[in-house]
Amino acid sequence: MGTSIFEALGGNAALAAAVDGLYERLLSDPVTASYFHEADIGKLRRHLRMFLAAALGGPDIYRGRDMRSAHAHLGITAQAWDRTVGHVAAVLAGLGVEDELAGLVIGHLAPLRDQIVTTADPVAALAA
């Protein structure tokens with residue numbers, strides 16, 4: 001791919017639309033909404049746009065906390081992570097992003113799972 005993933009997605013405007021769509025989905029999902037009750041959603045949107053722009057090859061430099069320390073206090077479960085990734089995929093599809101490009105975006109998120117998921121799923125723990 002000659003251009004960055006950021007450019008292929010459509011740059012800042014497309015990334016902003018994707019982040020806005022993602023937060024709409026996260027805030028309406030009963031599995032993920034509770035993580036945001038006391039959060040400054042505007043601030044989170046800005047941080048996520050900056051993070052994704054930098055991670056996907058855009059011009060921004062991410063200056064926020066590392067993923068582990070930013071999420072450690074939230075007790076994020078594997079179920080919540082999986083739902084979030086599913087929402088990312090759905091938002092990208094809804095914006096008309098081709099499957100291959102969406103897969104590259106998801107591929108950049110996948111390594112973050114071990115840094116963000118900090119709490120065992122109660123259902124999975126019971127099944128074990």
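The values are calculated or read from the model by the stated rules, or taken from the named source; none is laboratory data. Values in this document were obtained by computation on a predicted structure and should not be read as measured data. Every residue, glycine as well, gets a Cβ built from its backbone with ideal geometry; the counts of neighbours run over all protein chains shown.
General remarks:
- Of the candidates A110, A78, the single residue that is surrounded by 14 or more Cβ atoms within 10 Å (Cβ to Cβ) and more than 19 Å from E7 (Cα to Cα) is A78.
- Taken together, the criteria exclude A8 from residues that are under 21 Å from R113 (Cβ atoms) and in contact (Cβ under 8 Å) with a residue 24 or more places away in the chain.
- The condition of being within 13 Å of the chain's Cα centre (by Cα) and modelled with pLDDT of 95 or more holds for only one of D29, D20, that being D20.
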